[in-house]
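A.B. asks: I am attaching a structure below and will ask some questions about it afterwards.
The values are calculated or read from the model by the stated rules, or taken from the named source; none is laboratory data. Just so it is clear, the structure is predicted and the values come from calculations on it, not from any experiment. Here Cβ is always computed from backbone atoms with ideal geometry, including for glycine, and neighbour counts include all displayed protein chains.
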Amino acid sequence: MIDRIKAEIRNQSTVPYFGLGIFEGVMTKENEAMPHDSDSLILMMNGGRPMSQRLMFEYSRAAMHLEQRRGVDYIRQLINHIYTKPFDPTPLHKAIVNMAPRYIVDTNRDTKLQELYAFAPHCVIVGKARLLGSVERYDIFEWDVENKKYFQVDEEALGEAKTILFKPMGSPLPEPHFIISDADYVDWLTEAMGGFAVPPTLKSYRKAKKYLFLGTSFDRDTDRMVANELTLDLEGGYVITDAELTKKEKKFIDKHNLEVVPMSLGAFIEAFI
């Protein structure tokens with residue numbers, strides 16, 4: 001099974017899809033645990049203090065509360081601070097990059113994949129929300145290897161790109177933009193359902209692809225809706241989990257013809273690398 005998945009990543013038929021869970025057990029160089037699920041992200045956003053039960057339900061709800069109290073700039077700077085803390089790329093990041101997939105979906109908000117590709121030309125698509133004067137919920141950038149910086153490009157660049165990183169929930173680079181609060185998600189999902197969150201070139205490229213869901217949970221409506229929009233026209237794929245699935249998770253997995261690989265992510269990574 002694992003050898004088959006590796007082969008499918010190498011031949012571009014399976015697309016790696018990173019979720020928050022890939023950071024379980026990952027420590028920053030300041031010896032802080034990276035957030036790896038909704039609860040740990042909320043705690044980091046709130047200085048290590050739990051919030052009310054209503055707000056602890058999902059990090060987007062907690063972020064909305066902080067945004068309403070402190071403002072949009074505050075929450076953007078806070079998320080940027082969390083995801084620019086120095087830490088090493090994980091063995092999973094490195095293993096995936098070494099397999100040279102053309103297309104990777106990374107729903108996290110860090111820059112590790114961008115750092116690993118800093119020595120090679122690539123395009124990155126950064127998701128955005130609540131924009132004025134535009135329905136597209138993304139910007140496209142190309143990496144200038146010689147000058148070590150991104151410059152914004154038109155969609156045509158994706159057709160020639162050897163590597164495409166899709167960061168639909170945002171990234172600190174080239175400038176910090178994030179989909180994190182309820183208001184961000186409502187806007188992004190509304191436009192995504194209208195077809196404006198994925199560049200047309202990718203809509204064509206992703207047809208009949210499989211996806212390898214790594215560290216991704218489908219127990220929340222938001223995560224299921226995001227995954228559904230990002231993987232339209234999929235052929236199926238794999239979910240790595242040894243957890244007992246809820247009815248909603250099972251329904252999503254069955255609907256999308258996904259195969260559950262009954263392993264913890266840690267065990268899968270050991271076998272995968």
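A.B. asks: Among the residues of region 30-42, are any crowded, with 17+ Cβ neighbours inside 10 Å, within 20 Å of the chain's Cα centre (by Cα) and within 27 Å of V145 (Cα to Cα)?
C.D. replies: No - not one qualifying residue is present in region 30-42.
A.B. asks: Among the residues of region 108-131, is there at least one that is at pLDDT 95 or above, assigned to a loop (DSSP other than H, G, I, E, B), more than 12 Å from the chain's Cα centre (by Cα) and β-branched (V, I, T)?
C.D. replies: Checking region 108-131: not a single residue is at pLDDT 95 or above, assigned to a loop (DSSP other than H, G, I, E, B), more than 12 Å from the chain's Cα centre (by Cα) and β-branched (V, I, T).
A.B. asks: Condition test on V135, is it at negative phi, at pLDDT below 95 and in contact with a helix residue (DSSP H, G or I) (Cβ under 9 Å, 6 or more places away or on another chain)?
C.D. replies: So V135 passes the test.
A.B. asks: Also, quick follow-up: Go through the residues of region 230-249 one by one and say whether even a single one is out of contact with any strand residue (DSSP E or B) (no Cβ under 8 Å at 6 or more places or on another chain), closer than 30 Å to G159 by Cα, of a type in the set (D, E) and at pLDDT 95 or above.
C.D. replies: Yes, region 230-249 has at least one match.
A.B. asks: Okay, moving on. Residues in region 210-218: is at least one more than 16 Å from G266 (Cα to Cα), out of contact with any strand residue (DSSP E or B) (no Cβ under 9 Å at 6 or more places or on another chain) and either crowded, with 18+ Cβ neighbours inside 10 Å or touching a residue at least 24 places away in the same chain (Cβ under 8 Å) (or both)?
C.D. replies: no
A.B. asks: Go through (1) touching a Leu at 6+ places or on another chain (Cβ under 7 Å); (2) farther than 22 Å from F119 by Cα for L165 and report which single condition fails.
C.D. replies: L165 satisfies every listed condition except (2).
A.B. asks: Here's another thing I want to ask about it. Looking at M193, M225, can you tell me which residue is exposed (fewer than 13 other Cβ atoms within 10 Å of the Cβ), hydrophobic (A, V, I, L, M, F, W, C) and closer than 30 Å to A63 by Cβ?
C.D. replies: Going through M193, M225 in turn, just one is exposed (fewer than 13 other Cβ atoms within 10 Å of the Cβ), hydrophobic (A, V, I, L, M, F, W, C) and closer than 30 Å to A63 by Cβ: M193.
Each row is one residue, and each column tells you yes or no for (1) farther than 25 Å from M99 by Cβ; (2) among the β-branched types (V, I, T).
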{"position": "G133", "(1), (2)": "yes, no"}
{"position": "T163", "(1), (2)": "no, yes"}
{"position": "F178", "(1), (2)": "yes, no"}
{"position": "D187", "(1), (2)": "yes, no"}
{"position": "A197", "(1), (2)": "yes, no"}
{"position": "T201", "(1), (2)": "no, yes"}
{"position": "Y205", "(1), (2)": "no, no"}
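A.B. asks: Starting from residues that are surrounded by fewer than 20 Cβ atoms within 10 Å (Cβ to Cβ) and aliphatic (A, V, I, L, M), keep the ones in region 235-250 and report whichever is farthest from I96 (Cα to Cα).
C.D. replies: For region 235-250, the residue satisfying everything is L245.
A.B. asks: Do we find that R130 is of a type outside the set (A, V, I, L, M), in contact with an Asp or Glu (Cβ under 9 Å, 6 or more places away or on another chain) and buried (at least 23 other Cβ atoms within 10 Å of the Cβ) in this structure?
C.D. replies: no
A.B. asks: For region 85-99, indicate whether the set of residues that are surrounded by 19 or more Cβ atoms within 10 Å (Cβ to Cβ) and closer than 19 Å to T222 by Cα is non-empty.
C.D. replies: no
A.B. asks: While we're here: For region 141-151, does any single residue satisfy the condition of being of a type in the set (K, R) and closer than 24 Å to I180 by Cβ?
C.D. replies: Looking for residues that are of a type in the set (K, R) and closer than 24 Å to I180 by Cβ, one finds none in region 141-151, hence no.
A.B. asks: Let me ask something else. Out of everything in region 133-151 that is in a loop (DSSP other than H, G, I, E, B) and in contact (Cβ under 8 Å) with a residue 40 or more places away in the chain, what residue ends up being surrounded by the most Cβ atoms within 10 Å (Cβ to Cβ)?
C.D. replies: R137
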